[in-house]
Every structure is written in structure tokens, then in C-alpha cells.
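Each remark here refers to the structure printed beneath this line.
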Amino acid sequence: MTAKLIKGTEIREEILEEITAEVKDIKEKHGVVPGLVTILVGENPASISYVTLKIKTAHRVGFKEIQDSPSADIAEEDLLALIDKYNNDDTINGILVQLPLPKHIDEKKILNAIDPDKDVDGFHPVNVGRLMIGGDEVRFPPCTPAGIQEMIVRSGTETSGAEVVVVGRSNIVGKPIANMMLQKGPGANSTVTVVHTRTKDLAEHCKRADILIVAAGVPGLVKPEWIKPGSCVIDVGVNRVGEKISEKTGKKIAILQGDVDFDAAKEIAGSITPVPGGVGPMTITMLMRNTLKSLKFKLGIQ
Ligand code: NAP
């Protein structure tokens, strides 16, 4: 059996089209568009490329977009003042601080200074709490977990009553996706197990999973014999395992591998995400959706 591929690149296009149409509609009816500010401190090349992609996507869907790029030696209090400025800017609905920040700045302090109603990354403790409560309380589900849930739902996978096993318990992927899948409501209602490095028998847990979500950051961790036949496998892992020359650009690019042995797993699973082109493209897409949501909350049109 060859599994159905759940392609993030295709689902991204569907969602970005939906966002673009909604932005157009809101602009016509209310005369406003969502506003997103990206704050990039310093010149870390990886951060520059992430922010560039976010800016490009924001333009594509018709957002107002502001870039603020203070130098790496900005004082913590000046960065806090910058955040305060955007917290009080009525045209801004989402504030994104690109991580990592320089060592002299306390990341936690900065993230906690963002108005929770503009925290489109969903990392502020208030939004983590809202996510835990679930239902109408949820404002901004963190972007990667939100993308994972969207892929599961749009691939037609039944989540209600499903055994979901999440490998990894990080604050940005494992814990939030586990919490989201156990909530009472559509796209969830699952029975969830979270496994990590202290779990006694990782393989036995994985073998029970109707939906296996792997976010460990260990290339090839999940072996094909751990996969339940016909299950849905979401591989969040993005591991650089080497370099190659791109056929398109002639430049050196990273060879990426997921946490699942993809070639063997696709012969057993019912559906599976590839790496690259699976979960990766969903994260920025969901950032756009959260920014749109933020404006809709403000306008009272949820
Ligand atoms: P992380 O903070 O390093 O957490 C990894 C988790 O996996 C930890 O909870 C760890 O357990 C667990 N783990 C590691 N090795 C394990 C093993 N051998 N057996 C069982 N559990 C193990 O990583 P993260 O930030 O969640 O990211 C995970 C992966 O997803 C990375 O490859 C990252 O690049 C990728 N990622 C992709 C996207 C995207 O595509 N947009 C976004 C975010 C992350 P302990 O807690 O016990 O240490």
C-alpha cells in the first residue's frame, strides 16, 4: 500500500486563497485590512529569510505590513518601548518578534510584553491558558500546531475517538498539539498520549496510534514497524542531514529529513506528510490566519 500524501504546499494555497478572499471582503465592508508588524532584531541570516517569507506572504494576502528592524545592540528597554508602540497602534493586529533575540535581551520578558490580543504567535501565557481552556476561549492557537490540526482535518482523517500519539513535549509543538487534539469539538475529541525521552516503550505507544504526530527533531526516529497500518502520520521534524546543489538555482541547499523513515513508512501508513513540503509550509500560513482572526475579533465579526 502507498499512503496518500498530505501536502502542506497544496493546503497552504487553499488557505491563503481563503484568507485573501476574506481580507477583500472585510476591506469592502469595513474599510480596513489586517495589520502585521514583524520585529527583527539584528541580522541573523536564518531569521532574515524567515521574516522575508512572512512579509511576502502578508503582502500576498493583502495585509498592511510593517517591518521594524532594530540593530542587534538595541537595549531591552528600547525593544520593550517598541512593542508598547505597536500594542497601542490601532492599525496593527498582529505583532511578531522573530526569535532568537540577542543574548542581552530576556526573550520571555519581550514575548510577555506583547498585548495578548495581538500575540498572533500564540506564545503569551494568556493565550496558552486560553488554549488549555478550549472552545470559545481560544484566540490564537500557536502556528505549527494549528497547521498540523488543519492538515489532519483537511486530509479527511477522523479525529473523534482516534488514538493520537504525540512524540515530543515542547512548548511550541508537542504540548499545544496534544492539548488541541483532546479538546471537545470538531477536529479534536481524540484520546491523546504524549511520549518523550523518559517514556518506557516508545514503540508500543506509537503502534497504537491512529494519528501519529512526531516532533522530536531526531532524523528517522520512528521506524516503519512502529506505524499502525492505515494510520495518519504527521512528521513535524525538520533535520538538516547534509547539503546538495539545487537543480533550480545552482546554489548549495540543505538536505532535509523528517523524524520518520518516510520511504518505508509510506508503504504502511494510510496518509503521511512529506519532509520538506509537509508541515513546514503551514506555519506561516497559520500566522496569517491568526492575524486575520485578530482583526475579526476587534471588529466583532467572528
Ligand atoms: P524540542 O524543543 O527539541 O523538543 C523535542 C521533544 O522531542 C522533546 O520533548 C524531547 O523529549 C522529545 N524527544 C527527543 N528525542 C526523543 C527520543 N529519542 N525519544 C522520544 N522523545 C524524544 O523540539 P521542537 O521545537 O518541538 O521541534 C521538534 C522538531 O520539529 C524539530 O525537528 C524542529 O525543527 C521541527 N519543527 C518544525 C516546524 C515547522 O515545520 N514549521 C516548527 C517547529 C518545529 P524531552 O522533553 O524528554 O527532552
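The values are calculated or read from the model by the stated rules, or taken from the named source; none is laboratory data. What you see is a predicted model; the values in this text were computed from it and never measured. So basically every Cβ, Gly included, is an ideal-geometry build from the backbone, and we count neighbours across all protein chains shown. For the accessible areas, the whole protein counts, side chains as well, though only heavy atoms, and no ligand, DNA or RNA atoms are used. Shrake-Rupley method; radii C 1.70, N 1.55, O 1.52, S 1.80 Å.
Note on surface exposure: Lys293, Lys103 rank Lys103, Lys293 by accessible area, highest first, 1.4 Å probe.
At most 12 other Cβ atoms within 10 Å and a DSSP loop assignment: could you name the GluC sites (Glu not before Pro) in segment 45-120 that fit? Here no GluC sites (Glu not before Pro) fit, given the DSSP loop and packing criteria. Taking all protein chains together and rolling a 1.4 Å probe, Asp115 ends up with roughly 50 Å² accessible. Kirkwood-type hydrodynamic radius, segment 199-302: 15.7 Å, calculated from all non-identical alpha-carbon pairs.
So, with +1 on the Cβ of K and R and -1 on the Cβ of D and E, and no other charges, what is the size of the charge dipole of the chain about its Cα centre, to the nearest 20 debye? All intermediate terms of the calculation are to be shown ahead of the outcome.
Numbers: 37 positive and 40 negative charges, 92 e Å.
Taking the Cα centre of the chain as origin, the dipole is about 440 debye.
Sorting His124, His30, His59 on solvent-accessible area from highest to lowest, probe radius 1.4 Å, gives His59, His30, His124. The coefficient of translational diffusion for segment 53-123, derived via Stokes-Einstein from the alpha carbon Kirkwood radius under 37 °C and 0.692 mPa s, stands at 253 µm²/s.
Would you work out if segment 118-212 is rounded, prolate or oblate? Take a ≥ b ≥ c from the square roots of the eigenvalues of the alpha-carbon gyration tensor; rounded if a/c is under 1.5, else prolate when a/b is larger than b/c, oblate otherwise. Walk me through the numbers on the way to the answer.
Values: a/c = 2.07, a/b = 1.38, b/c = 1.50.
Taking the square roots of the gyration eigenvalues as a ≥ b ≥ c, segment 118-212 is oblate.
Based on the alpha-carbon gyration tensor of segment 100-154 and its eigenvalue square roots a ≥ b ≥ c, which shape applies: rounded if a/c is under 1.5, prolate if not and a/b is larger than b/c, or oblate? Numbers along the way, then the final one.
On the way: a/c = 3.19, a/b = 1.66, b/c = 1.92.
Here segment 100-154 falls in the oblate category.
The calculated pair-distance distribution of segment 212-256 uses every alpha carbon pair, bins of 5 angstrom beginning at 0, and gives 5, 19, 21, 16, 13, 13, 9, 4 percent.
With a cut-off of 12 Å between beta carbons, the residues surrounding Ala265 carry a summed charge of -3, where Lys and Arg count +1 and Asp and Glu -1.
Treating each Cα of the chain as an identical point scatterer and ignoring solvent, apply the Debye formula and state log10 I(q)/I(0) at q = 0.11, 0.15 Å⁻¹. Log10 of I(q)/I(0), two decimals: -0.70, -1.25.
Could you work out how far the C-alpha centroid of segment 1-29 sits from that of segment 105-121, in angstrom? The two parts, judged by their Cα centres, are 27 Å apart.
Per the helix-only calculation at 222 nm, which mean residue ellipticity applies to the chain, given -39500 (n - 2.57) for every DSSP H run of n ≥ 4 and division by its residues, nearest 500 deg cm²/dmol? If you can, show how the numbers build up before the last one.
Details: 10 runs with 116 residues, N = 302.
Result for the chain: -12000 deg cm²/dmol, rounded to the nearest 500.
Estimated at the nearest 10 Å², the accessible area of Ser170 is 50 Å² with a 1.4 Å probe. With a Förster radius of 45 Å applied to the beta-carbon distance between Ile255 and Ser69, the computed FRET efficiency rounds to 0.90.
Surface calculation, 1.4 Å probe, protein heavy atoms: Leu202 sits at approximately 40 Å² accessible.
Length gained on full extension, Glu137 to Arg208, computed as 0.36 nm times the residue gap minus the Cα-Cα distance: 22.4 nm.
Could you tell me which of rounded, prolate or oblate describes segment 6-115, using a ≥ b ≥ c as the square roots of the eigenvalues of the alpha-carbon gyration tensor, with rounded for a/c under 1.5 and, failing that, prolate when a/b is larger than b/c and oblate otherwise? Before the final figure, lay out each step's value.
Values: a/c = 2.64, a/b = 1.52, b/c = 1.73.
Here segment 6-115 falls in the oblate category.
Taking max minus min of the alpha-carbon positions on each principal axis, segment 157-202 gives extents of 31, 22, 15 Å, largest first. The alpha carbon radius of gyration of segment 35-189, expressed as a multiple of 2.2 N^0.38 Å, is 1.13. Between Ser170 and Asp90, the contour length at 0.36 nm per residue exceeds the alpha carbon distance by 25.5 nm. Taking 1.306 mPa s as the viscosity and 10 °C as the temperature, the Stokes-Einstein diffusion coefficient of segment 1-53 based on its alpha-carbon Kirkwood radius rounds to 110 µm²/s. Using only Cα coordinates, the Kirkwood hydrodynamic radius of segment 262-302 works out to 12.6 Å. Altogether, the Stokes-Einstein calculation at 10 °C and 1.306 mPa s, with the Kirkwood radius of segment 183-258 over Cα pairs as Rh, returns a diffusion coefficient of 108 µm²/s.
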